[in-house]
Amino acid sequence: MKLETERDPDGGWYDRFVQLVDDQGHVVEEFGKNPTLNELREAERRHSTRINLWQQGLVCDECGNQINERFSARQDGHLLCWDCATSSESHEQGGLRINADPTKSVLSESKLHKKSLCDYVINVATGCRHGCKFCYVPSTPAVDNRDEMLDDRADVDDPQQDWGDYLLYRDDLPERVQRGLEETDFQNWKTTDRGRGIVMLSSGTDCYQDRRAAQITRGCVHELIEHDIPTRILTRSPNVTRDIDLFKQANGSLTVGSSIPSFDTSLISVLEPNAPPPMARWEALNELFKAGVPRFVSFSPTYPTMGREDIHEALSWFSAIDPEVVFHEPINPRGINFEMCIEALEDEGLESEADEFRKLQRQGKWVDYALDQIEMVRDVATHFENITIHTWPGRDLIEATNGTQQRKFKQMRRQISPEPFAE
Ligand code: SF4
Ligand SMILES: [Zn+2]
């Protein structure tokens with residue numbers, strides 16, 4: 001399917017009627033004049049197709065230039081050419097500063113093969129509306145080294161402190177992924193033992209955090225499936241279920257997971273202030289289970305307040321959706337993120353929980369806690385036939401241990417997750 005446009009003889013040059021036609025030239029949908037990006041992307045879903053918006057006769061709502069290359073959209077959803085998109089001010093929506101993301105990269109090589117997750121990542125945005133306090137993303141170079149750009153595009157003073165208050169979308173990513181894959185020499189596709197050539201969406205944002213992000217994600221995933229590329233989706237958002245139809249087309253070479261560190265809503269609502277509640281995430285996994293889509297859980301980062309019963313309860317819920325794997329990692333008290341967790345708990349009057357977190361900062365305490373929690377999770381998991389734990393022992397935990405323990409962790413780190421994937 002493709003778009004066709006026709007100039008309105010009674011209107012200006014950029015006043016165009018837009019319609020979607022199938023491969024036989026039949027009109028399948030009429031959009032009227034100047035459809036919004038949202039209308040076009042939703043039509044993709046309705047007709048289960050991909051509509052490349054480049055060079056289709058669409059025009060910028062601001063200057064009237066044709067959308068031949070990069071584009072984004074205005075607050076009202078109308079299309080903007082790249083010049084207009086990159087010169088426009090951010091707008092505010094529900095306390096979030098929003099704009100177009102000028103990032104050039106499409107597919108980035110990733111070190112997440114060390115966690116047996118992927119070899120490449122696609123991030124559909126810079127920033128994340130969920131604003132999890134422990135999120136390590138704002139301290140990575142992809143965000144931390146780009147403070148000038150973030151200030152320019154979204155008035156960001158401090159990328160870390162403002163995390164959760166800014167969001168820059170990569171609206172034309174599906175078009176760029178399509179072109180990138182068409183030009184890719186798959187002989188050189190990076191495929192490590194643990195990463196298996198998988199592309200993950202997304203490691204630096206939540207790829208289903210809202211409809212606009214979900215639309216970008218759907219377009220990218222469609223292209224990955226078209227090119228038979230193994231794909232992993234990780235999200236906290238129940239919106240992910242809107243694309244079950246697409247996931248089924250991947251024939252097992254795509255897996256979808258959710259991060260559920262805990263089912264304690266009082267803690268989650270403080271530490272992941274804008275993310276959907278854990279039970280909503282579980283329900284999304286349950287829908288994927290019922291639809292037969294391969295799935296996993298990221299039980300990460302688990303909190304020091306969690307005892308054996310909490311872990312048992314969490315694993316019982318996970319067992320009910322029969323995941324291919326449960327990834328586990330205890331929280332790491334390093335850096336400003338951890339301070340922000342403690343502050344947020346204190347601000348909400350959760351003093352004893354804040355104390356539990358603060359204890360981890362004392363010499364040696366974190367290593368004891370991490371060893372205990374890893375052991376406990378692996379032990380409790382033995383009571384569930386259908387749960388396999390893939391532990392992520394971080395480098396600093398490995399370095400803090402020695403002898404047999406250290407060898408055990410090194411071996412865990414070398415393991416490949418048990419997920420089959422299609423090939
Ligand atoms: S959902 Fe993920 S990327 Fe977004 S803030 Fe939370 S941890 Fe960070
Ligand atoms: Zn323009």
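All of the numbers you see were taken from the coordinates with simple rules; none came from a lab. This structure is a prediction, so every number in the text was calculated from the model and none was measured. Reconstructed Cβ throughout: ideal geometry from the backbone, glycine too, with neighbour counts over all protein chains shown.
Condition first: among the β-branched types (Val, Ile, Thr) and within 16 Å of ligand 2 (Cβ to nearest atom). Now tell me which residues in region 6-60 satisfy that. Once the filter is applied, which keeps residues that are among the β-branched types (Val, Ile, Thr) and within 16 Å of ligand 2 (Cβ to nearest atom), region 6-60 yields Thr36, Val59. Taken over region 243-277, the criterion of being outside any strand (DSSP E or B) and under 17 Å from Arg129 (Cβ atoms) is satisfied by Ile268, Ser269, Val270, Leu271, Glu272, Pro273, Asn274, Ala275, Pro276, Pro277. Does Leu40 satisfy being crowded, with 18+ Cβ neighbours inside 10 Å, free of Cβ contacts under 8 Å to residues at least 40 places away in the same chain, part of a helix (DSSP H, G or I) and not small (Gly, Ala, Ser)? Yes: the conditions hold for Leu40. Residues being in contact with a His (Cβ under 9 Å, 6 or more places away or on another chain) and within 16 Å of ligand 2 (Cβ to nearest atom): count how many of those fall in region 152-206. Total meeting the criteria: 0.
Residues in region 240-258 that are among the polar types (S, T, N, Q) and in contact (Cβ under 8 Å) with a residue 40 or more places away in the chain: Thr241, Asn251, Ser253, Thr255, Ser258.
Residues of region 408-423 that are free of Cβ contacts under 8 Å to residues at least 24 places away in the same chain, surrounded by 12 or more Cβ atoms within 10 Å (Cβ to Cβ) and of a type outside the set (A, V, I, L, M): Lys408, Phe409, Lys410.
Results for (1) in a helix (DSSP H, G or I); (2) within 16 Å of ligand 1 (Cβ to nearest atom), shown as yes or no for each residue.
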residue	(1), (2)
Glu89	no, no
Lys104	no, no
Cys118	no, yes
Cys128	no, yes
Phe134	no, yes
Ala142	yes, yes
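Filtering region 155-209 to residues that are crowded, with 21+ Cβ neighbours inside 10 Å, farther than 17 Å from Leu254 by Cα and small (Gly, Ala, Ser) leaves Gly164, Gly204. Within the set Ala320, Ala344, the sole residue that is within 21 Å of Gln161 (Cα to Cα) and either among the hydrophobic types (A, V, I, L, M, F, W, C) or in contact with a Phe, Trp or Tyr (Cβ under 9 Å, 6 or more places away or on another chain) (or both) turns out to be Ala344. Once region 204-226 is narrowed to residues that are assigned to a helix (DSSP H, G or I) and small (Gly, Ala, Ser), the residue that is nearest to ligand 1 (Cβ to nearest atom) is Ala213.
Taking residues in region 75-99 that are hydrophobic (A, V, I, L, M, F, W, C), and partners anywhere that are in a helix (DSSP H, G or I) and surrounded by 13 or more Cβ atoms within 10 Å (Cβ to Cβ), the pairs with Cβ atoms closer than 6 Å and at least 6 places apart or on different chains are Leu79/Leu37. Taking the conditions (1) assigned to a loop (DSSP other than H, G, I, E, B); (2) within 16 Å of ligand 2 (Cβ to nearest atom) in turn, Ser72 satisfies each one other than (1). Of the listed requirements (1) surrounded by 17 or more Cβ atoms within 10 Å (Cβ to Cβ); (2) over 30 Å from Gln249 (Cα atoms); (3) hydrophobic (A, V, I, L, M, F, W, C), Trp13 misses just one: (1). Only residues that are touching a helix residue (DSSP H, G or I) at 6+ places or on another chain (Cβ under 8 Å) and more than 23 Å from Cys135 (Cα to Cα) were counted across region 295-314, and they come to 2.
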